[in-house]
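To keep things clear, I will list the structure first and then write my remarks on it.
The values are calculated or read from the model by the stated rules, or taken from the named source; none is laboratory data. On a predicted model such as this, the values are computed, not experimentally measured, just so you know. As a convention, Cβ positions derive from the backbone with ideal geometry for all residues, glycine included, and neighbour counts pool all protein chains shown. In case anyone asks, the SASA skips ligands and DNA or RNA and just uses the protein heavy atoms, side chains included. Shrake-Rupley method; radii C 1.70, N 1.55, O 1.52, S 1.80 Å.
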Amino acid sequence: MEKVIEVKGLRKSYKDTEVLKGVDLEVKRGQIFALLGSNGAGKTTMVRILTTLLKQDEGTATINGFDVASNPDNVRRSISLTGQFAAVDEILTGRENLIMIAKLRHLNNPRQVADHMLSRFGLTDAADRKASTYSGGMRRRLDIALSLVGKPQIIFLDEPTTGLDPEARIAVWKTVKELADGGTTIFLTTQYLDEAEQLADRIAILHEGRIIANGTLSELKKLFPQAKVEYVEKQPSLEEIFLAIVGKKEAI
Ligand SMILES: Nc1ncnc2c1ncn2[C@@H]1O[C@H](COP(=O)(O)OP(=O)(O)OP(=O)(O)O)[C@@H](O)[C@H]1O
Ligand SMILES: [Mg+2]
């Protein structure tokens, strides 16, 4: 399978703080890749570099074969980003926000695209209200809907479900899975281990500036000590694996 995201030796410091200390990773077409890490681990920094919003200090990153540093325009044409904080235009209604993006992406039928997205994300009733009157969760849903307009090839979602209620979370998961089934590559960050467990084909854990584990859920489960058989065998949850790996790392 073709690699659509390739990162090698990525380093980034903010003044004296080294946030990324040499990150390597790859994501193949149609995969859902989850980058896990605690607050301040550097997830948003990674996403900002990969989406050309921030320059790395060292190392390389290519998206769809284009180098983020030397060919940012082509990278931007290949991707869509939903940042950690909503990028919705508050003065416009939900519908107007969607129509605007559909027009910017040169789609033929912006009104139809907007209607479809509104219904898919449960925003039809609120469609003609200004986004400034939306609740946090509604704004988030609109933000994700905006990033999905026009079926981009690669989608970056920085903590897509933070602050969503369980129903909205499931709606986002469903959409993400459908997109991946259709060949879209998804790079998402999350602090919710169950989200990674539910969605991701591959999971990487970013800790103290490095990827300390990277693999499928079943590969990561092998890193965890064998389940003890007492009366019932309990498979470790991703949370237990995460804590075991992070704890092990700190003990070294
Ligand atoms: N513009 C900046 N200037 C200085 N330090 C920064 C800047 N942006 C981020 N940092 C620092 O870099 C580290 C990584 O931040 P980043 O936002 O990438 O983490 P994160 O994994 O996305 O965290 P969260 O889960 O809270 O969103 C943090 O220590 C943060 O304080
Ligand atoms: Mg972040």
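Points worth noting:
- Tensor-based shape of the range 20-64 (alpha-carbon gyration tensor, a/c under 1.5 rounded, otherwise prolate or oblate): oblate
- Translational D in µm²/s for the chain (Stokes-Einstein at 37 °C, 0.692 mPa s, Kirkwood Rh from C-alpha pairs): 172 µm²/s
- Cα gyration tensor shape for the range 1-44, rounded if a/c is under 1.5, else prolate or oblate: oblate
- Relative contact order of the chain, taken over Cα pairs closer than 8 Å and 6 or more residues apart, is 24 percent.
- Fraction of alpha-carbon pairs over 23 Å apart in the range 1-136 - percent: 48 percent
- Looking at the range 1-100, the chymotrypsin sites (Phe, Trp or Tyr not before Pro) that sit in a DSSP loop and have at most 15 other Cβ atoms within 10 Å of their own Cβ are PHE85.
- What a 1.4 Å probe finds exposed on the range 1-120 is 48% carbon and sulfur by accessible area, rounded to a whole percent.
- Among ILE144, ASN108, MET46 the positive-end extreme of the charge dipole of the chain (Cβ point charges): ASN108
- Rounded to 10°, Cα long-axis angle of helix 238-251 versus longest principal axis of the chain: 50 degrees
- Peptides 184-193, 89-98 ranked from most to least packed, by the mean per-residue count of other Cβ atoms within 10 Å: 184-193, 89-98.
- Helix 94-104 and the longest principal axis of the Cα set of the chain meet at an angle near 90°.
- Whether the range 181-227 is rounded, prolate or oblate, judged on the alpha carbon gyration tensor where a/c under 1.5 counts as rounded: oblate
- Size of charge dipole - the range 25-124 - debye, nearest 20, with Cβ of Lys, Arg +1 and Asp, Glu -1, no other charges: 320 debye
- The range 1-66, relative contact order in percent, only Cα pairs under 8 angstrom and at least six apart counted: 44 percent
- The angle between the Cα long axis of helix 110-120 and the longest principal axis of the Cα atoms of the chain comes to about 50 degrees, rounded to the nearest 10.
- Taking every DSSP helix (H) stretch of at least 4 residues in the chain, weighting each as -39,500 (n - 2.57) and dividing the sum by the residue count yields a mean residue ellipticity at 222 nm of -11000 deg cm²/dmol.
- Percent RCO, i.e. relative contact order, over the range 43-134, from Cα pairs under 8 Å lying at least 6 residues apart: 22 percent
- Averaged per residue, the chain has 51 square angstrom of accessible surface, using a 1.4 angstrom probe with ligands and nucleic acids left out.
- Distance violations [Cα-Cα > 22 Å] among LYS12/LYS221; LYS12/LYS222; LYS28/LYS234; LYS3/LYS43: LYS12/LYS221; LYS12/LYS222; LYS28/LYS234
- Simple Cβ-charge dipole of the chain, Lys/Arg +1 and Asp/Glu -1, about Cα centre, in debye nearest 20: 480 debye
- Proximal aspartates and glutamates to LYS21, defined as alpha-carbon separation beneath 12 angstrom and excluding residues fewer than eight positions away on the same chain: ASP57, GLU58, GLU208
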